[in-house]
């Protein structure tokens, strides 16, 4: 095998009450990357479509994550890489994470002794860091593992793969506004009430139990974010209106994807997800907001191979 | 059936990172109560052993919980009740909750149309309120449901029954000091850092996942309470020493049971639980602290019938 085409999915992080710890993978939307094994060590980015990104590996998420892995494993070969961005940068569904997770997954296919998902995530985080300013696994982990991932620790990195109820779909809407991750961080309070902290932990615990038992009512009642959403929603005009629209039209949970501006609605079944998409598209229009939308199952799969030669 | 003898187990609430939401039932230690159906409405407490408690129903947890249920269901009969307290009052393993949960469970056995565990918990909470000052389900819920219970909401009351890994044991030590629940409440901060709130929620999520997957390592790594223990441990002299002793001798998780002074150690298997008990008993002695201890599986069962006539 000399050449491989990899798909790396868009992901939703900060899943409501799972702020900073819970993410999941989407299907249908994702970046593609072609890796060609070459004798020269290192990463050479030969083509980029879909976004205006640096070709210099040390300035590119793909290059940084890929080089971190190559150097650490001390491989005596390298890769030419084509990057085909399909996930819009800054849309809040893990664009940089898909690039970072995709390259390390791709490299792993060429190894005699492939490394673990946990190690892949750690290398992917190196790339994520140059895009977002800090090493975090919120989007990289679901991109690598697929399904729902829970980050239970960073030192050492510890990730739990959670089950995905069979019929769980998600509707994404992306209003065309810009939110800077830095601003989204700055708007958060440093202190919260103990009462709300406990409420949030109980909600997340309920959500986790709901995933294990496929209890959609429990998932619905548990997905209340009392710590972060009350602040971050102020960065998205008409957030409450979109939320109400989603929940009144078949959605069971609603929240900001990552640090926004995309918003996700969890639904039981593709039909409800479709209804929510129609309702939210109309809601965007009503507020004279440009935007796009799509629906997807919560994907049980992360990165995958599309083609190999 | 005219007479019934009921066992209602001791329980552990505030299970580490599950402060205020997670509890579990013990086995072997619990109160017993005899209920005799009589034509006169209401509750008449005819005998109390093991503790100095009021016979006046409106001043007794058993009476208050029982009357709440009898009045609400408008039953045309009543009960004579003997209360045999085996759980020491104020020891932190749900003494009042066992009384409250036991009476409503007992009454339920005499109904043509028994009510649900959720309703029983709600009535039990009425009794708990006169002992602890507020209606809470922390101990009543595991006493009624058995196993681990997660309280996901109070309005409406919502409880999730969680699975118990087969080999999960607990060692309880009870140093003979007095902690007032009020004082234990007062020592808590009103505000906590957002960072710690997120850490706690991730820990609880990990613990829940660990229970579903019987992953003892995950249970061990997740049971870190960063919100409450740092404050409440100051009410228990030598807490850190007991904790270290427990974790070094086979314990996987350690924490304050309820608002103390009892402390619980979760262990994989009865052998480790025994080792921890020996080590902690020695630790108490070393600190010249009077106390007692026992080991139990985390019980899958709550209240139960011992005898009926």
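Where a number appears in this text, it was derived from the coordinates with a stated rule and is not lab data. All values reported here derive from a predicted model rather than from experimental measurement. Because the Cβ atoms are built from the backbone with ideal geometry, glycine has one as well, and the counts that use them run over all protein chains shown.
Things worth noting here:
- Placing a label point 7 Å from the Cα of residue B:287 along the Cα-to-Cβ direction, the distances to the matching points in the other copies come to 5.4 nm, shortest first.
- Value of relative contact order over segment B:164-267, rounded to a whole percent, pairs C-alpha under 8 Å and six or more apart: 39 percent
- Considering only A:210, A:146, A:260, the mean-square fluctuation computed in a Gaussian network model of chain A, springs between alpha carbons under 10 angstrom, is largest for A:210.
- Computed label-point distance, nm, for sites residue B:301 and residue B:157 using a 7 Å Cα→Cβ extension: 2.3 nm
- With neighbours defined as other Cβ atoms within 10 Å of a residue's Cβ, the residues B:81, A:226, A:12 order from fewest to most as A:226, B:81, A:12.
- Across the identical copies, how the residue A:238 labels are spaced - nm, sorted shortest first, 7 Å along Cα→Cβ: 6.6
- Neighbour-count order for A:91, B:161, fewest beta carbons within 10 angstrom listed first: B:161, A:91
- Fluctuation leader among A:285, A:268, A:199 - chain A, Gaussian network, Cα springs under 10 angstrom: A:285
- Extending 7 Å from the Cα toward the beta-carbon at both residue B:278 and residue B:46 defines two label points whose distance is 4.7 nm.
- By the Cα gyration tensor, the protein assembly as shown has an equivalent ellipsoid whose semi-axes, rounded to whole angstrom, run 51, 28, 19 from largest to smallest.
- At full extension, residue A:271 and residue A:2 could sit 92.7 nm farther apart than now, given 0.36 nm per residue minus the alpha carbon distance.
- Three-way shape call for segment A:168-297 based on the alpha-carbon gyration tensor, with the a/c threshold at 1.5: oblate
- Helix-derived mean residue ellipticity, 222 nm - over chain A, DSSP H n ≥ 4, -39500 (n - 2.57), to 500: -11000 deg cm²/dmol
- GNM result for chain B, Cα springs below 10 Å: residue of B:230, B:165, B:142 fluctuating most strongly: B:230
- Secondary structure note: in chain B, about 90% of the DSSP beta bridges are antiparallel.
- Teacher prompt: residue A:110 distances to equivalent labels in other copies, 7 Å Cα→Cβ, nm: 7.9
- Counted by neighbouring Cβ atoms within 10 Å, the residues B:86, A:41 run from fewest to most as A:41, B:86.
- Modelled FRET efficiency - R0 35 Å, residue A:177 with residue A:36, Cβ distances, 0.05 increments: 0.40
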